[in-house]
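Encoded as structure tokens, the structure appears first; notes follow it.
Read the figures in this text as sums done on the coordinates, not as results from a lab. Nothing here was measured: the structure is a model prediction, and the numbers come from that model. Methodologically, a virtual Cβ is constructed for each residue, glycine included, from the backbone with ideal geometry; neighbour enumeration extends over all protein chains shown.
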Amino acid sequence: MDCYDRIDENARLWRYFHAGKNVLMLAPRRIGKTVLLNRLREESEGQGFHAIVLDVEGYRDEKAFFQQMCAAIQEEIGVGQAVIAALNERLKRVIHGAEVQGDWRNILLQTDWPVFADHLLTQLEAEKDGRPWLILVDEIPIFTLALLEETDGPRKAHDFLYTLRSLLQKHRKVLWLYTGSIGLDTLARRYGFEGALVDMEIFPLEPFNPTTAAGFLNHVASKSDCRFSPEAVARIIARLGWLAPYYLEKIAEAACDKTTAGQTIGTDAADQAADSLLELSRRTYWSTWREHLEKNFPEPERTHLFTILAEVAHGPAEGASVDSLLMALNRGGDPIGEAVLRDYLDTLEADGFLDGDVGRARFRFRMNLLREWWVRYVVTRGQA
Ligand SMILES: Nc1ncnc2c1ncn2[C@@H]1O[C@H](COP(=O)(O)OP(=O)(O)OP(=O)(O)O)[C@@H](O)[C@H]1O
Ligand SMILES: [Mg+2]
């Protein structure tokens, strides 16, 4: 996957890593976190680092996390095999007398994971070429949620993140970037482990600005030998409202599909392309947003978030008022106060659904097209 632009973001991230800082990258869905992680990995050699990308979605316990990490290290061309061989030696030496058979996999099974992780990081730091390691962890909040679902989940999640924190402090030549499609900060706040993240540099990954978005639309169009008129670009930017590369790319591709090579795409074609993103056949482009709420929030929070979004989606163009949202939430069930609503609104803002006005009195969908999709495909008001 090509990574268009992101030049400033990239430079800033490398500055953090060269300064020995760990980073917590916060950004909503579909904004380009994974693309950026892969680019960092590709550039790592030139920057004097070893880097691995660790996608921990789908792993359910701490040992699986470190097993995956070892497997990714092993695949690192040039050094991986040697690091893991040295790790095997180290583990056999220090876990002496435990009658350990086989390699690190067996030892991991028989050892407490923090002890194993400590040895692994010590081994990475002992790498002969002296280069620091960069562990780029994607979807760590989903992994944390998986821990939370276990028996005694909150303690497990708390212990996992605090243990990682102390390992980060101890092993300074192994740097970490955490990211994922739900804000780890929101999760930390909800479950009370914010302290585990305090030393990390917060890096919010923003959408493209209008200039970059215009360049990107034409970059995608050029692959089909098309280009957008400036008016068409302005129309798309207005329709989208929030310039995530994913949706810009989808609109550009849809417009090019309907345009003969060599032609300029005008405003009508741009509008049609934006509309086509709401068609039944393309509804999955947006369904990640709904899934995000369905998968990652427990009841009754989930229903409350859907209620708020239904109200905002059907609300006035200037945004739904806090009073109207409170009324919607209090149509049934236990009474919900403004403090709880504010907490929900913070979550929906952090996760990219909504934006508040200056006084935080009214809230709107950040992406106009997502609002249109919500109205068309998600429950209507009153049913939420
Ligand atoms: N800088 C970029 N240049 C080109 N395309 C991009 C860029 N960033 C994102 N994209 C496009 O958007 C898609 C989504 O990006 P990516 O998977 O990195 O998002 P994400 O933030 O990891 O999303 P999720 O939260 O769903 O995991 C990519 O597959 C790619 O098509
Ligand atoms: Mg991703």
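General remarks:
- Put in line by how crowded their Cβ is, counting other Cβ atoms within 10 Å and starting with the fewest, 226, 3 read 3, 226.
- Per residue, the average separation of C-alpha pairs within less than 8 Å and at least 6 apart gives the range 286-377 a relative contact order of 30 percent.
- Under 18 Å from residue 128, Cα to Cα: lysines that are on another chain or at least 8 residues apart: 173
- Length-normalised contact order of the range 180-251 in % [C-alpha pairs under 8 Å, at least 6 apart]: 33
- Candidate lysines - alpha carbon under 24 Å from residue 156, same-chain residues fewer than 8 apart omitted: 63, 170, 295
- 18 Å cut-off, amide nitrogen to a point 7 angstrom out along residue 368 Cα→Cβ, residues in the range 300-329: 312-320
- With contacts taken as Cα pairs under 8 Å at a separation of at least 6 residues, the chain carries a relative contact order of 18 percent.
- Partners of residue 223 within straight-line reach, counting lysines whose Cα lies under 28 Å from its Cα and excluding those fewer than 8 residues away in the same chain: 33, 250, 258.
- Alpha-carbon centroid distance for the pair the range 121-164 / the range 1-78, whole angstrom: 13
- Dipole of the range 210-277 [Lys/Arg +1, Asp/Glu -1 at C-beta], most positive-end residue of 262, 219, 252: 219
- Sorted into 10 angstrom bins from 0, the C-alpha pair distances of the chain split as 5, 21, 27, 24, 16, 7, 1, 0 percent.
- The order of 104, 289, going from fewest to most other C-beta atoms within 10 Å of their C-beta, is 289, 104.
- Using θ = phi - 60° in the Karplus curve 6.51 cos²θ - 1.76 cosθ + 1.60, the 3J(HN,Hα) couplings for the range 349-358 round to 6, 4, 8, x, 7, 10, 10, x, 7, 4 Hz; x is entered for Gly and Pro.
- Note on residue 202 and residue 376: the extension gain reaches 59.1 nm, defined as 0.36 nm multiplied by sequence separation minus the Cα-Cα distance.
- Cut-off 19 Å (backbone N to label point 7 Å along Cα→Cβ of residue 105), residues of the range 65-92: 65-76, 80-92
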